[in-house]
Amino acid sequence: MEPLTNFFKDRDINDILDVGTGKGGFIPVLQQIFPNGQITGIDPDNQSLKIAGKEFPQYTFMEMQAEKLLFEDNSFDVVSISMALHHLPKVKRGLTEMKRVVKKEGWIIVNELISNQLNEAQEVHKMYHHFRSQIDRMKGTYHRKSFTKEAILQLLKEADIPIQFFFEHKKKINLVEDESELEIRVRKMQEMLELIKGRKEYEKMKPEIEKFREKALKYGFQPATSLVVVGRKRDLV
Ligand SMILES: C[S@@+](CC[C@H](N)C(=O)[O-])C[C@H]1O[C@@H](n2cnc3c(N)ncnc32)[C@H](O)[C@@H]1O
């Protein structure tokens, strides 16, 4: 993410907190931006943290929720959250906690998929994501549909996080170039659907898998655009 690398190039950043780190999917990006940074990753999902810990043994991983960060005020130079905002049951609370633990004049980075201004191949990605998030919700796991770009900016405003700059990040790739990759996605959707077998939504959602396959073959499957926002904690906060 070049704009981030350029922006942080000459800044003295040591301690980074990655919220909703999961299996560490955003850590390679953070390593690129902050080659000398010490990273702490938090997530409520212990299984994912174990995988992250094996992949990145040099860093610290802790089981924790964004809404209740167990760190002192003003602890980190940078606090990031990637692809996890729509997983937080209390988004504003999570953002407020991130602001609390970042140092005064420190930085908050939000990287989040958006649901609007997408091309047809990205709409296929959204369809896949929303299918999965709907089943997660039915199974009792908090997982919203993705936010619009405007909604994300509004959330930061509501959490009183002044925005320094933002940009859109697109990956121009087709994740189902090879038909076997498409079959993996289709199988994943079928497996997820089986989790709600017996419910009335099962029959209703079943045709969506075929619809997904047709659209993916026609348009491809491109990751939805992500919005990257850099906010800064005011000295007075
Ligand atoms: C799609 S993953 C993103 C993982 C990683 N940040 C990335 O960019 O690849 C979303 C993560 O949010 C986590 N999550 C769910 N609820 C959370 C909460 N209340 N606080 C922090 N993370 C949460 C999930 O466990 C999951 O690991």
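When His143 is tested against (1) open to solvent by 10 Å² or more (accessible area, probe 1.4 Å); (2) within 13 Å of the ligand (Cβ to nearest atom); (3) touching a strand residue (DSSP E or B) at 6+ places or on another chain (Cβ under 9 Å), just one condition goes unmet, and that condition is (3). Note on the stretch 213-234: residues that are in a loop (DSSP other than H, G, I, E, B) and either polar (S, T, N, Q) or open to solvent by 80 Å² or more (accessible area, probe 1.4 Å) (or both) total 3.
Scanning the stretch 59-85 for residues that are loosely packed, with under 14 Cβ neighbours inside 10 Å and either closer than 17 Å to Val229 by Cβ or free of Cβ contacts under 8 Å to residues at least 12 places away in the same chain (or both) returns a single hit, Leu70. A single member of Lys172, Lys188 is open to solvent by 40 Å² or more (accessible area, probe 1.4 Å), at pLDDT 95 or above and within 20 Å of the chain's Cα centre (by Cα), and it is Lys188. Taken across the stretch 199-207, residues that are free of Cβ contacts under 8 Å to residues at least 24 places away in the same chain and open to solvent by less than 80 Å² (accessible area, probe 1.4 Å) do occur, with at least one present. Set side by side, the residues Glu177, Glu210, Glu158, Glu183 differ, and just one is open to solvent by 70 Å² or more (accessible area, probe 1.4 Å) and free of Cβ contacts under 8 Å to residues at least 12 places away in the same chain, which is Glu210. Looking at the stretch 86-98, can you tell me whether even one residue there is under 30 Å from Tyr219 (Cα atoms), touching a Gly at 6+ places or on another chain (Cβ under 8 Å) and near the ligand (Cβ under 9 Å from one of its atoms)? Yes, because at least one residue in the stretch 86-98 is under 30 Å from Tyr219 (Cα atoms), touching a Gly at 6+ places or on another chain (Cβ under 8 Å) and near the ligand (Cβ under 9 Å from one of its atoms).
The values are calculated or read from the model by the stated rules, or taken from the named source; none is laboratory data. No experiment lies behind these values; they were computed from the predicted model shown. For neighbour counting, all protein chains shown are included, and Cβ atoms are generated from backbone atoms with ideal geometry for every residue, glycine included. Note: accessible area is taken over every heavy atom of the protein model, side chains too, but ligands, DNA and RNA are not part of it. Shrake-Rupley method; radii C 1.70, N 1.55, O 1.52, S 1.80 Å.
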